[in-house]
Each structure stands twice: as C-alpha cells, then as structure tokens.
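See below for the structure under consideration.
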Amino acid sequence: MLENNELFESSMYAGHGFGSKKSDVDALLCDGKTVLTIMDICGAMSLKTHYKNVVTVYIKRDKRDLLASILEKNSSNEDKVNRIISIDDERRNEEICDFVVENNGDHNASADKIIELLF
C-alpha cells in the first residue's frame, strides 16, 4: 500500500505498521459520515493537508499514569524504553492540536468530552 501511494499517513509502533487508506476516508466522507481516528501527530498533520475541516484533539494524561501504563504493557523492553523516551517530545504536540482533553483514567468521560467537542 505504501508503494502504491494508497496511504496518506503511516507509522511504525512496537514493530507493527499502521496507516490510513485514502480510499477508506474518502468513501466515508462521500457517504456524509464523520471520520474519527486515532493517530500520531504526523498522521494528524498529514490528514490536515489532505482534507479540510480536520479537528485534532490531544489526549493529555498524567505522566506517572502514562509511565505505569507503558510498564504494564505486554511489549518488549526496547519498545517500552522507546515509548518512555518519546513522552516529553509527544507532550509538546499539545501546543499544535486544536483541543486538549484530560484523560484521568475515566475513558468514558474522556470519550464523552471528545464527542462534545466534535459534534
């Protein structure tokens, strides 16, 4: 898909490739649907260059809780270390997103806030 330019964004995380197909997003938009997706900041900025009316939401989490979550994950130590190293850089993305939602462990409340912002 990457070679055929089918994706408008892609990234690697924990040894797995992720990406968003242009055709999938286009099909949803043509049907009049709203697209809600989770991606890193590079993907979000790419989305903003391809489509108008893109809204970005930064999910902010307490650093201690984030570290605990990373350490509890079933992933390699290398993946955990890389994730921890990137935390401070990723937190700077808060400044370039349209909205910030606090995630204090209540995922339903965070989701409700995002829905409130977007709809």
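Every number here is computed from the coordinates shown, using simple stated rules; none is lab data. Quick caveat: nothing in here was measured; it's all calculated off a predicted structure. Every residue, glycine as well, gets a Cβ built from its backbone with ideal geometry; the counts of neighbours run over all protein chains shown.
Go through region 1-76 and name the GluC sites (Glu not before Pro) that are in a DSSP coil and have 13 or fewer other Cβ atoms within 10 Å of their Cβ. Write down the numbers at each step before the final one.
Working: sites: GLU3, GLU6, GLU9, GLU72; in loops: GLU3, GLU6.
The qualifying sites are GLU3.
Could you pull out the longest piece of the chain with no exposed loop trypsin sites (Lys or Arg not before Pro) in it, calling a site exposed if DSSP puts it outside H, G, I, E, B and it has at most 16 other Cβ atoms within 10 Å?
Working: sites that count: LYS33, LYS52, LYS73.
Longest site-free region, per DSSP loop and neighbour criteria: 74-119.
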On a 0 to 90° scale, report how tilted helix 63-72 is relative to the longest principal axis of the chain, with both axes built from alpha carbons and the result rounded to the nearest 10. 90
Per-residue [θ]222 nm for the chain (sum of -39500 (n - 2.57) over DSSP H runs n ≥ 4, rounded to 500): -14500 deg cm²/dmol
How would LEU29, LEU47 line up from fewest to most surrounding beta-carbon atoms within 10 angstrom? LEU29, LEU47
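Can you work out the FRET efficiency for the pair CYS42 and ASP106, with r the C-beta to C-beta distance and R0 = 35 Å, to the nearest 0.05? Write down the numbers at each step before the final one.
Working: r = 28 Å, r/R0 = 0.80.
Once the sixth-power term is evaluated, E becomes 0.80.
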What is the set of long-range amide H partners of ARG61 at a cut-off below 5 Å, with H atoms built 1.01 Å from backbone N? ASN103
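With the cut-off at 1.5 for a/c, could you classify region 68-119 from its C-alpha gyration tensor as rounded, prolate or oblate?
On the way: a/c = 3.45, a/b = 1.64, b/c = 2.10.
Oblate, since a/c reaches 1.5 and b/c is not below a/b.
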Find the relative contact order for region 55-118 and round it to a whole percent, using C-alpha pairs within less than 8 Å whose residues are 6+ positions apart. 53
Please work out how many pairs of lysine residues in the chain are eight or more positions apart (or on different chains) and have Cα atoms closer than 20 angstrom. 14
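Under 8 Å for C-alpha pairs, at least 6 residues apart: give me the relative contact order for region 1-106, rounded to a whole percent.
Working: 83 pairs, mean separation 28.0, N = 106.
The normalised contact order for region 1-106 reaches 26 percent.
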If you line up the long axis of helix 107-118 against the longest principal axis of the chain, both from Cα atoms, how many degrees apart are they, to the nearest 10? 30
Based on the alpha-carbon gyration tensor of region 18-119 and its eigenvalue square roots a ≥ b ≥ c, which shape applies: rounded if a/c is under 1.5, prolate if not and a/b is larger than b/c, or oblate? prolate
